[in-house]
Amino acid sequence: MSTPKAFEKPIYVTRPFLPPLTEFKKGLEEIWANGWLTNNGPIHQRYSRELCRYFDTENICLFNNGTLALQIALQGLGLSGEVITTPFTFVATTHALYWNKIRPVFCDIEPDFYNLDPKKVEAAITPWTTAILAVHTYGFPCQVHALADIARRHKLKLVYDAAHAFGVKIGSEPIAHFGDLSMFSFHATKLYHSFEGGLLTFRDSSLKKTFDYLKNFGFENEEEVVMPGTNAKMNEVQALMGSQMLRYIDKLILKRSQIAEVYRKRLGAVPGIRLPVRVAGDVRYNFGYFCVEVDEEAFGLSRDALNEELKRYNIWTRRYFYPLVCDYACYRSVSITDPLTVARRAAKRILSLPIYDALEVSDVEKICDIVQLLGSASCRKPLKRTKDVRMSTAGAA
Ligand SMILES: Cc1ncc(COP(=O)(O)O)c(C=O)c1O
């Protein structure tokens, strides 16, 4: 195989899908005509109804981002003491606990889908535990039945950070139907986005009023503030994007599933590259991410070295998640009893490859060729950087 040239334009790990501008402009005209920009405007109301249909529940609440949605969720549920959670996540999962003065108890994950290991969760329960905060990592469903069983037996709340899991189903059930509550992030980097945004779905309908207060300063009316809320409201432009994105979500998932298949076909036989484990047959996966594990010994390069080498070809993969949350300076003082063996191994080996609807199959094939070449020791000669490559990667960090 001849050495492929670097991509002329950077290939990032993701690129947001945007609906046609003409369509979005029409929506903007509606906002202009309404003259109502935020605070549960008409588009927000319409979008909420659409989401209720999408998730088949009346119990939803929209927010300006997923982090504040999760913080408010934990506060609204009245959680305190300790919450068992994963260190293999984006730092916002743990921050939401910290902002509620809750102590995170970091627990190990299972090696197939990188989600909390139910056996380890049960072993981590103490008299101070009030909840389990699990993450559907990369959109792979947690072991929802095992976690629900533990939560029920120990009278704990079960909260899901479903930031990655929009569009995922188990059988005919949207992932939002599991646990007491789920938070979805609509950040621009996600498969489904509203520029920025967040959503809570929950089992107990009485929570809706609390979440509505908490995201709007606690206002009951002009004269009454019933609780010390914050400002976490979704605005009309965000709601417009979210609403229009709903029309495309199935197509986006299909396109990504095709890209994932190309990766599987082309990387399946590369020594030292471990493909993501396939989800169970009854799971409708969303293909939000395509993460491989790099086994340094078998591949010939470490994950970090591969990540660096790919930059020379203008391919911007991500070490997602690295480092573990418990290794960030602000959480290093949290005492940990679990050695977190699986999480540490995953953080050292995982590499998130580019996946988005506009990624051409020929580009995916070229990425695979480059990975394969880099893995074979004979091809690890220094690649000449062209002026173009330097320029086009200048703003990419
Ligand atoms: C697992 C996880 N939790 C929480 C968040 C926070 O969501 P947001 O960026 O919408 O605040 C993100 C993503 O950004 C995430 O990936």
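Based on what the data block shows, is Lys169 modelled with pLDDT of 95 or more and within 18 Å of Asn115 (Cβ to Cβ)? Yes; evaluated as a whole, the condition is true for this residue. At least 2 residues being over 22 Å from Lys348 (Cβ atoms), within 16 Å of the ligand (Cβ to nearest atom) and in contact (Cβ under 8 Å) with a residue 24 or more places away in the chain is the threshold, and among the helices (runs of 4 or more DSSP H) wholly inside the range 56-131 those reaching it are 66-76, 92-98. Scanning the range 265-305 for residues that are surrounded by fewer than 19 Cβ atoms within 10 Å (Cβ to Cβ), of a type in the set (Lys, Arg) and in contact with a Phe, Trp or Tyr (Cβ under 9 Å, 6 or more places away or on another chain) gives a single hit, Arg278. Looking only at residues in the range 214-228 that are touching a strand residue (DSSP E or B) at 6+ places or on another chain (Cβ under 7 Å) and without any contact (Cβ under 8 Å) to a residue 40 or more places away in the chain, which one is least open to solvent (accessible area, probe 1.4 Å)? The residue in question is Gly218. Taking the range 286-326 as the range and being in a helix (DSSP H, G or I) and either among the small types (Gly, Ala, Ser) or in contact (Cβ under 8 Å) with a residue 60 or more places away in the chain (or both) as the test, the residues that pass are Ala298, Phe299, Ala305, Leu306, Glu309, Leu310, Lys311, Arg312, Val325, Cys326. Scanning the range 4-54 for residues that are open to solvent by less than 70 Å² (accessible area, probe 1.4 Å), in a loop (DSSP other than H, G, I, E, B) and over 25 Å from Leu199 (Cα atoms) yields Pro4, Ala6, Phe7, Pro10. Within the range 143-194, which residues are within 13 Å of the ligand (Cβ to nearest atom) and not in a loop (DSSP other than H, G, I, E, B)? Val159, Tyr160, Asp161, Ser182, Met183, Phe184, Ser185 - these are the residues of the range 143-194 that are within 13 Å of the ligand (Cβ to nearest atom) and not in a loop (DSSP other than H, G, I, E, B).
Any idea which of (1) under 18 Å from Gln238 (Cβ atoms); (2) within 16 Å of the ligand (Cβ to nearest atom) is the one Val13 doesn't satisfy? Answer for Val13: the failing condition is (1).
Out of the residues in the range 154-176 that are closer than 16 Å to Val83 by Cα and not aromatic (Phe, Trp, Tyr), which is nearest to the chain's Cα centre (by Cα)? Working first, answer last.
Taking the range 154-176 first, the residues closer than 16 Å to Val83 by Cα are 154-161.
Within this subset, residues satisfying the condition of being not aromatic (Phe, Trp, Tyr) are 154-159, 161.
Details: His154: 28, Lys155: 27, Leu156: 24, Lys157: 21, Leu158: 18, Val159: 15, Asp161: 8 Å.
Ranking the candidates gives Asp161 first.
The condition of being touching a helix residue (DSSP H, G or I) at 6+ places or on another chain (Cβ under 7 Å) and either part of a helix (DSSP H, G or I) or open to solvent by less than 10 Å² (accessible area, probe 1.4 Å) (or both) holds for only one of Ser243, Ser257, that being Ser243.
The values are calculated or read from the model by the stated rules, or taken from the named source; none is laboratory data. Computed from a predicted structure; not experimentally measured. No Cβ is skipped: glycine too gets one built from the backbone with ideal geometry, and neighbour counts run over all protein chains shown. Calculation scope for accessible area: heavy atoms of the full protein, side chains included, ligands and nucleic acids excluded. Shrake-Rupley method; radii C 1.70, N 1.55, O 1.52, S 1.80 Å.
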